[in-house]
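First the structure, in the form of structure tokens, and then the observations on it.
The values are calculated or read from the model by the stated rules, or taken from the named source; none is laboratory data. Here the structure is a predicted model, which is why all the values come from computation and not from measurement. Glycine gets a Cβ as well: all are built from the backbone with ideal geometry, and neighbour counts include every protein chain shown. Keep in mind that these areas ignore ligands, DNA and RNA; they rest on the heavy atoms of the full protein, side chains included. Shrake-Rupley method; radii C 1.70, N 1.55, O 1.52, S 1.80 Å.
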Amino acid sequence: MLCKTNPVGTVAAIAISGHLPLLLSKERYVVVLVGHTGAGVSSTVNLIARCPINPHAPDSKQHTRCIRRHYTDTPQRDISLYEIPGFGGEIPEADLMKYIVSLHKSLGIDLLLYCMRLQLKEFMPRTFQTLRRHLQGVPFVGVMTGLELYPVTMAEWWTRLPDSRESGVRSNKEALKSRGLEFDDHAGITTLPEKIIATNEKLLKRREKSEADMLTLIDRHCNAEKRSGSGGPCRRYLAVLSMRSRAVITLH
């Protein structure tokens, strides 16, 4: 298993990164993870990579503040995971969207994992629809995190009746669709770190199942020829981020 991380962009300073050649990125399937801040994007990256490449816990208050590229693999594919800082956070949504669109034009996004956290109840339908418009043809997978204590299997969350009992809605999947979030596939997972649940056999098994499900899901959707982009690097200056300091997202 290869597990290597490169910070692609930062809101604290101009990023200096990308020690691996661009050719390596082009040969790998590009998987992008997005979600509202606190939805579990960073911990889902850790789960897929099978190593703690990101220090943030699922309920950490220190959310991701830079775009990170992680090189890892699945049983069948070599992939580049692009971890996007949370929407609704300190980085303007428009800037994050510019980066995602530029990445797609450059390398071709093969799969988008849309992370949601059950306890957060912020699923961003307008953001989802904007992404759909820009990434036509890219499979969108809904990933519901925080299901470690769900009373039945985690995957069943998608087919169970929603708590809201919306009229005519027979499942959580349909409830999301009625709000404008229609996915090509879905998963229900826990991303609790192993060291936190080391003595809890049930939670460890749920984490192992989550890991296996995510790797199988990625292989299922990255089973065709790698999507092509322009073949060149993204525009060097992709977006200007506004916080206490000014910064530029770069890709080398």
Original post:
Going by the conditions given, is D213 charged (D, E, K, R), open to solvent by 40 Å² or more (accessible area, probe 1.4 Å) and either within 17 Å of L113 (Cβ to Cβ) or assigned to a strand (DSSP E or B) (or both)?
Top reply: yes
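Here is a yes/no grid of residues against (1) open to solvent by 90 Å² or more (accessible area, probe 1.4 Å); (2) of a type in the set (G, A, S); (3) closer than 23 Å to N46 by Cα; (4) in contact with an Asp or Glu (Cβ under 9 Å, 6 or more places away or on another chain):
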position	(1), (2), (3), (4)
F140	no, no, yes, yes
L149	yes, no, yes, no
R160	yes, no, no, no
D163	yes, no, no, no
V169	no, no, no, no
A175	no, yes, no, yes
L181	no, no, no, no
H186	no, no, yes, no
L192	no, no, yes, yes
Original post:
Given (1) modelled with pLDDT of 95 or more; (2) crowded, with 18+ Cβ neighbours inside 10 Å; (3) not charged (D, E, K, R), where does I249 come up short, assuming only one miss?
Top reply: (1)
**OP:** Please name all residue pairs, on different chains or six or more residues apart, with Cβ atoms under 8 Å, provided the first residue is in the range 197-216 and is over 21 Å from H186 (Cβ atoms) and the second residue is open to solvent by less than 50 Å² (accessible area, probe 1.4 Å) and assigned to a helix (DSSP H, G or I).
**Re:** I197/L203; I197/L204; I197/R207; A198/L204
Original post:
When the range 109-130 is examined, which residues are found to be modelled with pLDDT under 95, part of a loop (DSSP other than H, G, I, E, B) and not hydrophobic (A, V, I, L, M, F, W, C)?
Top reply: Q119, K121, E122
Original post:
Is it the case that some residue within the range 212-219 is more than 25 Å from T74 (Cβ to Cβ) and out of contact with any His (no Cβ under 9 Å at 6 or more places or on another chain)?
Top reply: no
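Per-residue answers, yes or no, for (1) assigned to a loop (DSSP other than H, G, I, E, B); (2) more than 19 Å from the chain's Cα centre (by Cα):
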position: R132; (1), (2): no, no
position: M144; (1), (2): no, no
position: V152; (1), (2): yes, yes
position: E156; (1), (2): no, yes
position: V169; (1), (2): yes, yes
Original post:
Within the range 41-52, which residues are closer than 25 Å to E93 by Cα and open to solvent by 10 Å² or more (accessible area, probe 1.4 Å)?
Top reply: V41, S42, N46
Subject >> Test: N200 is surrounded by fewer than 14 Cβ atoms within 10 Å (Cβ to Cβ), modelled with pLDDT under 95 and not small (G, A, S) >> reply: no
**OP:** Could you check how many residues of the range 174-193 are part of a loop (DSSP other than H, G, I, E, B) and charged (D, E, K, R)?
**Re:** 3
Original post:
What are the residues in the range 216-228 that are among the hydrophobic types (A, V, I, L, M, F, W, C), surrounded by 15 or more Cβ atoms within 10 Å (Cβ to Cβ) and over 14 Å from L33 (Cα atoms), if any?
Top reply: C222
